[in-house]
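Structure, as structure tokens:
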Amino acid sequence: MQNCKRWQFLMTSLVLLFGFSVSGCALTKEAITVDYTPQKNIEPIRGAEKIHLKVNVNDARSMQDKVSYKKNAYGMEMGAIIPHNDVVQLVRDSIKTELTNRGFIVNDGDTIINVELIKFINDFKTGFFAGDASAEVLMGLQVKLANGNIIYNKTITGNYVEQNIQLATGNNAKLALEGALKDAVSKLVNDSDFIMALMGTKKPS
């Protein structure tokens, strides 16, 4: 019984020590730059060079000024983690990059891709010895032709978990958000219905 109490006291002390050791920096805001890494070894789509597109992104997030919160050892939200770069521009450029790499001409084309950015957020999940940074990117997308017909309408969700982290800070939030963005964009550009809509071979729904 006495050994059990000593073990409980030791574990409690370690948790308190960890919480106090990060409490100072955890209270302050932290700015991060979220990046996007394009997919490699992409083959251009035959005929894509004849398709002129325009990408619009509307920010529909409920929380636009931050992408996460730091947390202490007890899972309590602390200082905000804010994006140093423009998240809306990042999403737009990521999609444009992948479409350009596939041969499409992305300028002010008649075929319009309307993107509604709903979520771009990371949440830290605390554990006893380690935690996770769990990020989600949620987008609603439409492809609209010059005649007004909407030939693609879908919600895309990207997720990524940076596992077994020791600190709920900006760098781990950055890694998780970059993974979630990559997952969302990959799901979009690898969706055959999306490509068919851009190529004009998909009928309006």
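Points worth noting:
- Among residues of the range 130-174 being hydrophobic (A, V, I, L, M, F, W, C), within 20 Å of the chain's Cα centre (by Cα) and over 30 Å from Asp110 (Cα atoms), the one that is modelled with the lowest pLDDT is Leu167.
- Counting only strands (runs of 3 or more DSSP E) that fall entirely inside the range 38-83 and contain at least 2 residues that are touching a Leu at 6+ places or on another chain (Cβ under 8 Å) and surrounded by fewer than 18 Cβ atoms within 10 Å (Cβ to Cβ), the qualifying elements are 52-59.
- Taken over the range 68-104, the criterion of being of a type in the set (A, V, I, L, M) and at pLDDT 95 or above is satisfied by Ala80, Ile81, Ile82, Val87, Val88, Leu90, Val91, Ile95, Leu99.
- Counted residues, the range 22-67 - those being in contact with a Lys or Arg (Cβ under 9 Å, 6 or more places away or on another chain) and acidic (Asp, Glu): 3
- Residues in the range 84-120 that are in a strand (DSSP E or B) and among the hydroxyl-bearing types (Ser, Thr, Tyr): Thr111 alone.
- Unique residue being under 18 Å from Val34 (Cα atoms), touching a residue at least 24 places away in the same chain (Cβ under 8 Å), in a loop (DSSP other than H, G, I, E, B) and of a type in the set (A, V, I, L, M) when the list is Ala184, Ala168, Ala173: Ala168
- Leading residue by the ranking (nearest to the chain's Cα centre (by Cα)) among those in the range 187-205 that are assigned to a loop (DSSP other than H, G, I, E, B) and exposed (fewer than 15 other Cβ atoms within 10 Å of the Cβ): Asn190
- Any chance Val161 is β-branched (Val, Ile, Thr) and in contact (Cβ under 8 Å) with a residue 40 or more places away in the chain: no
- Extreme residue, farthest from the chain's Cα centre (by Cα), among residues of the range 119-129 that are surrounded by fewer than 21 Cβ atoms within 10 Å (Cβ to Cβ) and closer than 18 Å to Met63 by Cα: Asp123
- Residue in the range 55-67 that is touching a helix residue (DSSP H, G or I) at 6+ places or on another chain (Cβ under 9 Å), closer than 25 Å to Thr126 by Cα and of a type in the set (Gly, Ala, Ser) present: no
- All positions within the range 98-118 that are farther than 10 Å from Leu53 by Cβ, in contact with a strand residue (DSSP E or B) (Cβ under 9 Å, 6 or more places away or on another chain), surrounded by fewer than 19 Cβ atoms within 10 Å (Cβ to Cβ) and not acidic (Asp, Glu): Asn114
The values are calculated or read from the model by the stated rules, or taken from the named source; none is laboratory data. Fair warning: this is a prediction, and the values are worked out from it, not measured in the lab. Note: ideal-geometry Cβ built from the backbone for every residue, glycine included; neighbour counts use all protein chains shown.
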